[in-house]
Amino acid sequence: MKRQVVIGLEIHLQLKTMSKLFCSCSTDYIGAIPNTNVCPICLAVPGSLPLLNDRAVELAVKLGLALHCDIQDNTRFHRKHYFYADLPKAYQITQFEYPIAAGGYVDIIVEGKHKRVHLDHLHLEEDAGKLVHQTSDGRLSGAAHSFVDYNRGGMPLSEIVSQPDINSSAEAIAYVEQIRQLARYLKVSDGEMESGSLRADVNISLSNNDGSLGTRVEIKNVNSLKSIERAIEYEIARQNKALDNGEKLIQETRLWDDATGVTRSMRGKESASDYRYYLEMDLAPIEVKPEYIKKIYQSLTEMPWEKRDRFIEQYKISLEESQQLTEQLEIANYFEECVKEGASPGKSANWIRSEVQSILREQKIDIINFQVSASELGKLIKKIDNRDISNTQAKDVLSAMLDKNLTLDNALEECGAITGRITGEALEIIIKKIIGCESETAEIIRSGQDIKGAKIKFLQGLVMRETRGSADPIEVLNILNVKLN
Amino acid sequence: MIKKMIMDETRLKEVLELSKIGLPETEFKEVLDRVNGVLRMCDEMQELNFANTRSFEWNIKKACPRRVDSPKKWDKRDAFLNQAPVRDGDFFRVPRIIALDEDNELIGD
């Protein structure tokens, strides 16, 4: 039987601050020597007291506003207790009853359909340390000991909790992508799943026969978008099979194993009472006054979805083109600079989505490290628009700019494109030469046997090759028609 | 009517599991007696009337102080690592608490 899939996501975003949430230790911990970014506060030395990072509050408010949340004044931190070696205090400082941002929503587009995913809240919390499990022979399994690195302990996190509005893996991915894009636009987080600056826990259940929510299972350890998709698909199949067999599902936390493609039971799901939450008395209420919120609101720039819609309206490009161009702020800016140089939006969009993206992928670089400036690419595309050079020639010019580190003018000269197009009499001489070499083909055309026009297109292609693309294909076809008909 | 708090054997097992404490079943009765003694005291305290008593918690007038986001290096980490029960290079070494089948690195809550 068909059961409705119900998914809620908890996204942990590492906030892009210079220091940790409650101490001044550096947040630059990737690749750092273990336990070097630590101090008495994040090591939980008795007597040490937390001191809240102002920037973390600002970034959380910024993110909350962009997610259409209501920003709350006088919010509190709680202590969430669990006993584990990655948590030196044996409790995590987090927000429970009074999160800094409540409500809100994220709009997603999946297969052309718009959907609104409502948010429960967004709260601030500290990250735990990292445990490494390794045996003496280097293997990870069967280890007798764990090694603890507290460099990550105390990193500022913003947890965004959605309502169970998501109904498929595709929607879950679109939701995560939308939040990641927003976090990057706002520069509140790197949003890198690979390095752990964006982590997602998936809550999934199948509806009961009467439409009520079924037993919820939480999946942890999903470290990529692909893992999210695979874990959800696996879990839907597992839960459906169990219910079809008349089994009862249990509320639990399961761990996704990417290597084997299965989820495994990790522990029975704790409820809030198991964590014995109580107010963090070392931290007074966080004051977030209307003037403060207003100031941050005014600093917000154009949101990615606003930019996407504006591009469609202003530049008359498709939704798909606009989504790709606005995926990263830097690429969107690059596109607009190209257009400012007078390049046509349609051609600029094509060039950036195909040529430029392919080079970025090949060189494994971001657009900000791309050698060719938007201004120069815009000028190059403008030359194609004006039919000064062909598309093929422009590609040669771009290659020359990259391979030989040339300016646009020098690359045009290098590729022989500076003198303009081959046209008129010069073009007629080349066409005459090609007809001479392909006399049999020319005769077929003259005798009227080239009904489908394949032969004349063949000759057109030869001319374009001979001119290295610097002739206008329409002019070539016109001259061929005059000479052969 | 205030619900009386009481810990039974099932709840005790749950707490023991969460706190990863291995308590022999022979000691359950003694522990339950002691814990329930504390809970009885809490129940008695719930009968107190706080109607006109302001909560200490919400009596804080001062907002949470915040600091500027500026990293500072703390150079005494070795002193702490040296005091750890077991130091292993740059790491604190601890007994493996949960044995999982997976080779994956564990992720905290």
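The values are calculated or read from the model by the stated rules, or taken from the named source; none is laboratory data. Computed from a prediction, not measured in an experiment: that's the story for all the values here. FYI the Cβ positions are ideal-geometry reconstructions off the backbone, even for glycines, and counts take in every protein chain you see.
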- Message: Suppose the filter is in the same structural domain as residue A:478 (by TED's automatic domain parsing) and surrounded by 14 or more Cβ atoms within 10 Å (Cβ to Cβ); does residue A:359 pass it?
- Response: no
- Does the stretch A:161-177 hold any residues that are surrounded by fewer than 20 Cβ atoms within 10 Å (Cβ to Cβ) and not in a helix (DSSP H, G or I), and which are they? A:161, A:163, A:164, A:165, A:167, A:168
- residue A:128: passes all of (1) within 14 Å of another protein chain (Cβ to nearest Cβ); (2) assigned to a strand (DSSP E or B); (3) at pLDDT 95 or above but (2)
- Query: Are any of the residues in the stretch A:74-84 closer than 23 Å to residue A:290 by Cα, within 9 Å of chain B (Cβ to nearest Cβ), surrounded by fewer than 21 Cβ atoms within 10 Å (Cβ to Cβ) and at pLDDT below 95?
  - Reply: yes
- Message: Filter the stretch A:5-29 down to the residues that are free of Cβ contacts under 8 Å to residues at least 12 places away in the same chain and not in a loop (DSSP other than H, G, I, E, B) and list them by number.
- Response: A:26
- Query: Do any residues in the stretch A:312-330 that are within 17 Å of residue A:358 (Cβ to Cβ) have Cβ atoms under 9 Å from those of residues that are part of a loop (DSSP other than H, G, I, E, B) and at pLDDT 95 or above, where the two are at least six apart or on different chains, and which pairs are they?
  - Reply: A:325/A:317
- Item | Those residues of the stretch A:297-356 which are small (Gly, Ala, Ser), within 20 Å of the chain's Cα centre (by Cα), over 22 Å from residue A:176 (Cβ atoms) and part of a helix (DSSP H, G or I), in sequence order | A:349, A:354
- When you look at residue A:424, is it exposed (fewer than 13 other Cβ atoms within 10 Å of the Cβ) and in contact with an Asp or Glu (Cβ under 9 Å, 6 or more places away or on another chain), yes or no? yes
- One residue from A:49, A:21 being more than 8 Å from every other protein chain (Cβ to nearest Cβ), farther than 30 Å from residue A:323 by Cβ and surrounded by fewer than 20 Cβ atoms within 10 Å (Cβ to Cβ): A:49
- Query: Of everything in the stretch A:194-235 that's hydrophobic (A, V, I, L, M, F, W, C) and out of contact with any helix residue (DSSP H, G or I) (no Cβ under 7 Å at 6 or more places or on another chain), which residue is nearest to residue A:4 (Cα to Cα)?
  - Reply: A:213
- Item | Residues of the stretch B:62-85 that turn out to be more than 7 Å from chain A (Cβ to nearest Cβ) and not in a loop (DSSP other than H, G, I, E, B), as a count | 4
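A quick yes/no check of all residues on (1) among the basic types (Lys, Arg); (2) surrounded by fewer than 16 Cβ atoms within 10 Å (Cβ to Cβ); (3) more than 14 Å from chain B (Cβ to nearest Cβ):
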residue: A:265; (1), (2), (3): no, yes, no
residue: A:277; (1), (2), (3): no, no, no
residue: A:280; (1), (2), (3): no, no, no
residue: A:294; (1), (2), (3): yes, yes, yes
residue: A:300; (1), (2), (3): no, yes, yes
residue: A:308; (1), (2), (3): yes, no, yes
residue: A:317; (1), (2), (3): no, no, yes
residue: A:320; (1), (2), (3): no, yes, yes
- State which residue is nearest to residue A:295 (Cα to Cα) when the search covers only the stretch A:30-61 and only residues that are without any contact (Cβ under 8 Å) to a residue 60 or more places away in the chain and small (Gly, Ala, Ser). A:48
- Extreme residue, surrounded by the most Cβ atoms within 10 Å (Cβ to Cβ), among residues of the stretch A:147-160 that are within 14 Å of chain B (Cβ to nearest Cβ) and out of contact with any Phe, Trp or Tyr (no Cβ under 9 Å at 6 or more places or on another chain): A:153
- Given the residues A:199, A:180, which is the only one that is assigned to a strand (DSSP E or B) and either crowded, with 19+ Cβ neighbours inside 10 Å or of a type outside the set (A, V, I, L, M, F, W, C) (or both)? A:199
- Query: With (1) crowded, with 24+ Cβ neighbours inside 10 Å; (2) in a loop (DSSP other than H, G, I, E, B); (3) among the small types (Gly, Ala, Ser) as the list, and residue A:56 as the residue in question, which single condition is left unmet?
  - Reply: (2)
